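Bear in mind that the values in this text are calculations on the coordinates, not laboratory data. If you're wondering where the values come from, they're calculated on a predicted model, not measured in any experiment. Using ideal geometry, Cβ is built from the backbone for each residue, glycine included, and neighbour counts are taken over all protein chains shown.
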């Protein structure tokens, strides 16, 4: 018996739960975990279940399609460790944290490679026997730089790309190729302090809390669907470098949390928001 | 069309969701909100739904009974404001907070009366035109004192009793009469600092965080099922009175949160724990 | 023996602590509590002490002036309960919380009066025997409206004005008359969601945390020096009204915290920031 | 010019600040950062300053001794990176986090070696070119085991020993040799869930928050002076293994925070408490 993840979103209508449960029941499958949510305002239905049993994926999806609204998105797949690619620039804390979890089998994933626009993190990555691709952005235009990165991505074909403090903005074209598959950690409590140097911005504004936000990457800088956020309290004794240092623990924890949610297929992207079970 | 709350807990078995959804579907009812949880370790199933429609409660419960395990507990009732009695001693912050919310229609409840073993809070209660019962515990044994309180409770027959800083321990006999219906706020992060003067205990132990816990009252002091908890950070500059003062905001917020959950029938009591949807 | 609060800020130079301690020591006074902070980047010095003894304020200030940089601001006064005026519009939770604390002697202050542009909160205010001034903004221009409010403020001459959910923007002219004396609670984690309807903005953006910010009021809307901030976690089940409801507990707690800091003269305003001891 | 750290604790008396500032001023030194605290209840005085200048440590300590109470403890030393030894058992998250920070120069310390009662973490430690000492506790009595560990410690003579999830209880004798120099991370919000398997205990108790506590190690298990604590919210869906997994991020962050405080000499141990500047 295998574990499967079933995710459905569709317009809401009467009897959806009944219809889904009916299909699962008739196929003699067991629901181990089950969450629904209806956005009443927008009449949108979300459903996720972990199912145990022997499933013919195509047949079951067809059965479900027959009893669901025509706009239903149905994802059904064996629960399995995803393949991920990490992208980073110079800071090691998020990258190192994920490499460490990967090494210690705390991550339900396989880290396939690290891609960076610098070579700073090569030594660290190599310690964990992970391939490191240094793709310099010097003396090369953006399109060419991204083409080189895409070549690597296409080779590995990852399920998920994690920007673990990758400090270059990705083009609209690049992002659209990996729609809903790129997770970024932004070192502020979004939508506060969008863009560069959020800790400097936060210091200048005199905030009493700093935070971090993990979100999917879309065309608009730091505007993508938010997955996870957290904050810590600070005071006037924190210069921006102290904020940066204290913030690293939050960044790591928030990215780690968001990554776990994505790796377990617990996230629905929905307009510019997320529904998370 | 009315709103109904349906709560079911039972041993877990295959097809429960299907069976419940089937009954609801055949009765042409609409599920507006729906949560389940299965405790896999103990094979226990929990279900709560908010249902819209015209319901014959007895008939629907019977239909559900027929398709559910024999140990199922089924609660089905119109969603309505509950009646609550507040009990307090001398401190006004939790009592005042609830009276204020009651006055401002922020509480899905009707505060029927306040019972206290002192008369300190009479003036405050009277400002809000709520009956105040001062039941002194002086020169009277515990059984007689509680009998007087029970007489008042029986007169009002509340859905819920809220101990808003009621500083006397209730007898086992009293508690068993209002099983699962008494909510207490304890001014510590349980199970730390059970019993008297938790802030003094916390100060003596030198903790860096203080907290509050809202829980159902059982025979064992501060050992009942926990509903809600929260904390705030403190430092060495806090004497125990500073902790007490800072803690009041947490106590109020935690009790208020727990009360809202209870008033919406979102809590299952389960052994010594809670499942909250 | 009385308690005094001494606050000094000045440009930083060598020996300031020595010079201040010398004056206090020679006057046979006792420092009970003492905090300093030097902003190294801007070479700014901040000092606050609680002093016990018999003090001739004018003489001691002169002595201090002689040993401090010429740009020093020296505040020296008996520690005393401040007089405060509350301004509010329709929402009762912050106002009620402060009235309750005032009534229960939990506030080191005297609430002199409530001013509102509506009459919604009159009944609540009257319960606590506090004068209520309803100054309608209907059929009257902003300048006239504010003149009426200023007349009341001049009559009471409060130490502090607390905007406890006062939902009108105050003019630059008004604000400048009460410089560093108006505290506002904004129902978001500033600088996120400046302006109107922050919960609607937060809901639309799909954030996973909501917060509140207490700050001094300056010319720029929601841009004044921040005193206190806090947040709570939310999820996709929260509509904006749920956020609003959950946010009220945070708003109350944050405003209450900021007010306590101001009432104890623990805040220095410094450019657009605060230093808080 | 060098940076020095000056720490003083003594019984409180009038003029201490003046006396200290006088000595520093007469020696033409510059105080960059300065904190004091007086425990009024116990008449205890605490002082810490970061001082810039050219200092003859012995002379300055003597000068200070002359003007301070006879029970004063005076620490004066150049601000420098401390040497630390890490002890761990099987779990890698805290150890890995510190090794990573050490590697990335985010730690104001030098990790000299890792000591473990197992060989699980050898491979990880070796990646970072840190000596690893596997001291098995199999077939050997406690005294012998600890003697072997002490031999290693004596060789390195570390400033600080960090128990990064070291799961054996240290003997009273061992602890007393490294008094105030051993920091432990306990995976609960102390004093809740002392002892073994705190996550199992927390799961059984049905708490809604889990936490971690970093503390100095004393004779009494998990009873030493607390340095840092933090918590995260959980719900009924968390089994104890989920708590354990979620708790790791908190454990890492809390230990990291406590370690930074110790490495900067910001902690006073005071009875069973800490004063932290």
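A simple packing score, the average count of other Cβ atoms within 10 Å per residue, orders the peptides D:133-139, A:11-17, D:234-240 as A:11-17, D:234-240, D:133-139, with the highest score first.
Separation of the range C:3-59 from the range D:7-84 is 18 Å, based on Cα centroids. For the segment A:105-111, counting C-beta atoms of other chains within 10 Å of every residue's C-beta and taking the mean gives 1. The spacing between the range A:115-133 and the range D:127-188, judged by their C-alpha centroids, is 33 Å. Peptide C:203-212 shows a mean partner chain C-beta count of 6 within 10 Å per residue C-beta.
Helix D:93-103 axis versus longest C-alpha principal axis of chain D: approximately 50°, rounded to the nearest ten.
Where only DSSP H runs of four or more residues are counted, chain B gives -10000 deg cm²/dmol as its mean residue ellipticity at 222 nm, each run worth -39500 (n - 2.57).
Quickly rank A:19-30, D:250-261, C:171-182, A:207-218 as a protection proxy: mean count of other C-beta atoms within 10 Å, highest first. Numbers along the way, then the final one.
On the way: A:19-30: 18.9, D:250-261: 23.9, C:171-182: 15.7, A:207-218: 25.4.
Result, highest mean Cβ count within 10 Å first: A:207-218, D:250-261, A:19-30, C:171-182.
Using C-alpha pairs below 8 Å separated by at least 6 residues, the relative contact order for chain C is 15 percent. When every Cα-Cα distance of the range D:5-135 is counted in 5 angstrom steps from zero, the calculated P(r) takes the values 2, 9, 17, 14, 9, 8, 9, 11, 11, 7, 2, 0 percent. Among chain B residues, the one whose Cβ is nearest the axis of the rotation from B to A, given with its distance rounded to whole Å, is B:21, 2. Summary for residue A:167: label point 7 Å along Cα→Cβ; distances to the equivalent points in the other copies, ascending, 3.9, 4.4, 5.6 nm. For the range D:2-78, the share of alpha carbon pairs falling in successive 5 Å distance bins from zero is 3, 16, 31, 27, 14, 6, 2, 0 percent.
With R₀ fixed at 30 Å, the C-beta to C-beta distance from residue A:148 to residue A:105 puts the FRET efficiency at about 0.45. Pairs of C-alpha atoms in the range C:180-259 farther apart than 18 Å represent 35 percent of all such pairs.
Sorted from shortest to longest, the distances between the residue A:219 label points of this copy and the other copies are 3.8, 6.7, 7.1 nm, with each point 7 Å from Cα along the line through the beta carbon.
For the range B:26-169, the relative contact order is 23 percent, taking Cα pairs closer than 8 Å that sit 6 or more residues apart in sequence and dividing their mean separation by the residue count.
Computed as a quarter of the hull surface, the mean projected area of the alpha carbon convex hull for the protein assembly as shown stands at 48.5 nm². I want to verify a result. In a Gaussian network model of chain A, Cα cutoff 10 Å, which of these has the top mean-square fluctuation: A:76, A:99, A:263? Among A:76, A:99, A:263, the largest mean-square fluctuation in the Gaussian network model of chain A belongs to A:76.
Inter-chain Cβ neighbour count for C:16-26, averaged per residue, equals 6 (cutoff 10 Å, partner chain atoms only). Note the angle between two axes, namely the Cα long axis of helix D:240-263 and the longest principal axis of the Cα atoms of chain D, as a number of degrees from 0 to 90, rounded to the nearest 10. Tilt of helix D:240-263: around 20 degrees. Taking the C-alpha atoms only, the angle from helix A:16-26 to the longest principal axis of chain A is near 70 degrees. When residue B:120 is represented by a point 7 angstrom out along its Cα-to-C-beta vector, the spacings to that point in the other copies are 3.3, 5.1, 5.7 nm, nearest first. Placing a label point 7 Å from the Cα of residue C:42 along the Cα-to-Cβ line, the residues of the range C:252-274 whose backbone N sits under 11 Å from it are C:269-274. Stokes-Einstein diffusion of the range A:82-276 at 4 °C, 1.567 mPa s viscosity, Kirkwood radius from Cα pairs, rounded to a whole number: 76 µm²/s.
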